[in-house]
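Peer 1: So that we are looking at the same thing, I have put the structure below in structure tokens.
Coordinate-derived values only; no laboratory data. Values in this document were obtained by computation on a predicted structure and should not be read as measured data.
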Amino acid sequence: MRSIVAGEAARRGGGSWLRAQSSRGRHPSRMDDAELLRRQVQGFVRGFGLLSESQTPCGKPIPVSQAHALMVLLARHERDDPPMQVEIARDLGLDKSSAARLCARLCDSGHVVRTPCPKDGRAWRLGLTTSGLRLARSIEAASKARFERLLSALPAEKRSSVIASMAALNEAVRNTKSE
């Protein structure tokens, strides 16, 4: 993996750093790998458009966090399983107060409706309104199309390894979340 990451770093401009390490007679260490990974993840986040507060990477004029919440709600809607607000927080990796603010914005925009949970009066169940369902489906379709374009831009022989690497990275994130 080191040669793939180092090669990619060199191709994208990180090669000068790698060459400097080699010219000092040092082989890149694990910490150096961490720096390469950090730079690649940051480059992806920035290049893909995840820092925009007003538009998704697939071009929809809605904040990324709201788009992700709508896609989670759409998946639950299709299973006829309206989630509680705390489940949205868990699914999106948010704390309860951030999820509450996110859900409030979606309710204020008319895309989501909150109803008291019959089993727990303190909890809220969330559902998509008609406009929310239409928007969520539009975001889902645009997201799938964006990832299809991204995947088609990769050489066919690298696609499965990129997907496997992303799965491994996601697993590592889950396994180190509490650290």
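Peer 1: Could you list which residues have their amide H under 5 Å from that of A123, counting only those 5 or more apart in sequence or on another chain, with H placed in the peptide plane?
Peer 2: Sorted by chain and number, the residues that satisfy this are C117.
Peer 1: Please give the length that would be gained between V113 and L154 if that part of the chain were fully extended, namely 0.36 nm times their separation in residues minus their C-alpha to C-alpha distance (nm, one decimal).
Peer 2: 10.8 nm
Peer 1: A further question on this structure: Mind checking which lysines have their Cα closer than 22 Å to the Cα of K96? Skip sequence neighbours fewer than 8 apart in that chain.
Peer 2: Straight-line reach from K96, under 22 Å: K119, K177.
Peer 1: Oh, and also: State, to one decimal in nm², a quarter of the convex hull surface area for the C-alpha atoms of segment 55-179, i.e. the direction-averaged projected area.
Peer 2: Average projection, Cα convex hull of segment 55-179: 9.2 nm².
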